[in-house]
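Report on one structure; see the data block that follows.
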Amino acid sequence: MLPIFIKKKVTTLRQLLEAKGFYRIPLKKLKTGHYKLSARVNGKKGDFILDTGASNSCIGFSSVERFIMLTEESQIKAAGAGAINMRTHVANDNYFTIGNKSSRKMSFVIFDLSHVNEALLQVDEEAVHGILGADYLKANAAVIDYGRNVLYLK
């Protein structure tokens, strides 16, 4: 009797996640190794770094007016990317959109992103308006395909 070979259908990560209702967002890899994506806050377009190590999503003080945000002082001090003990504000109840994926009542920590943008400018990359952090990524069951430079959100 001859062996029977069954041809298995290969499923890609994209096919698997899209079949489960995930939304695909292309990412741009920067010279710094970070990923950047475009999004809208309160209807206004901006550029964000994807940062799995940032516990909260953030917006720079200089972009608060651009995104029409209402902020209030926060007692929390921010740290990261070589800066510590930075004063912060918080902006709650913002409308956040990436592609066709929208979130209502999104909160952002507001702090000085000049040190982040200075590092980007030193390697000829454009400044960003904010950071998309783990709070958003976890809430949306994010999967990052580093091989294809793509973010999937549920």
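The values are calculated or read from the model by the stated rules, or taken from the named source; none is laboratory data. Just so we're clear, the structure is a prediction, and the values are computed from it rather than from any experiment. Note: ideal-geometry Cβ built from the backbone for every residue, glycine included; neighbour counts use all protein chains shown. For accessibility, only protein heavy atoms count, side chains too; no ligands or nucleic acids. Shrake-Rupley method; radii C 1.70, N 1.55, O 1.52, S 1.80 Å.
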Kindly state, to the nearest 0.05, the FRET efficiency for Ser62 paired with Asn92, given R0 = 22 Å and r defined as their beta-carbon distance. 0.65
Pick from Leu120, Leu132, Leu16: which residue has the top mean-square fluctuation in a GNM of the chain where Cα pairs under 10 Å get a spring? Leu16
Quick one: 3J(HN,Hα) in Hz for segment 41-52, Karplus 6.51/-1.76/1.60 with θ = phi - 60°, rounded, Gly and Pro as x. 10, 6, x, 9, 6, x, 9, 10, 8, 8, 9, 5
Over segment 1-73, what is the relative contact order in whole percent, taking alpha-carbon pairs under 8 Å and six or more residues apart? 17
Carbon-plus-sulfur fraction of the accessible area of the chain, 1.4 Å probe, in percent? 52
Along segment 128-144, Karplus-curve 3J(HN,Hα) (6.51, -1.76, 1.60; θ = phi - 60°) to the nearest Hz, with x for Gly and Pro, reads 10, 8, x, 10, 8, x, 4, 4, 6, 4, 5, 4, 10, 6, 4, 10, 9
Farthest toward positive dipole pole in the chain [+1 Lys/Arg, -1 Asp/Glu at C-beta], among Ile144, Gln15, Gly130: Gln15
The lysines whose Cα lies under 21 Å from the Cα of Lys36, excluding any fewer than 8 residues away in the same chain, are Lys28, Lys44, Lys45, Lys101, Lys138, Lys154
Heavy atoms only, 1.4 Å probe, whole protein assembly: order Ile68, Ile4, Ile131 by accessible area, highest first. Ile4, Ile68, Ile131
What are the ³J(HN,Hα) values, in whole Hz, obtained from phi via the Karplus relation 6.51 cos²θ - 1.76 cosθ + 1.60 with θ = phi - 60°, for each residue of segment 21-29 in sequence order, with x given for Gly and Pro? x, 7, 9, 9, 10, x, 10, 9, 7
Give, in nm to one decimal, the length gained when the segment between Leu70 and Leu13 is fully stretched (0.36 nm per residue of separation minus the Cα-Cα distance). 16.6 nm
What net charge do the residues around Glu126 carry, taking every other residue with its C-beta under 12 Å from that of Glu126, with Lys and Arg at +1 and Asp and Glu at -1? 0
Straight-line reach from Lys105: which aspartates and glutamates have Cα under 19 Å away, leaving out those fewer than 8 places along the same chain? Glu65, Glu72, Glu73, Asp93, Asp135
Just to confirm a number: summing +1 for Lys and Arg and -1 for Asp and Glu over residues other than Asn140 whose beta-carbon lies under 9 angstrom from that of Asn140, what do you get? +3
Expected unfolding gain across Lys45-Leu121 under the 0.36 nm per residue rule, minus the alpha-carbon gap, is 25.4 nm
Just the accessible area per residue of the chain, please: how many Å² with a 1.4 Å probe? 63
In the Gaussian network model of the chain, springs joining C-alpha atoms below 10 Å, which of Ala127, Ala142, Ala19 carries the largest mean-square fluctuation? Ala19
Please give the net charge around Lys29, taking every other residue with its beta carbon less than 13 angstrom from that of Lys29, where Lys and Arg add +1 and Asp and Glu add -1. +2
Please arrange Arg66, Arg87, Arg24, Arg104 by accessible surface area, largest first, computed with a 1.4 Å probe and ligands excluded. Arg104, Arg87, Arg66, Arg24
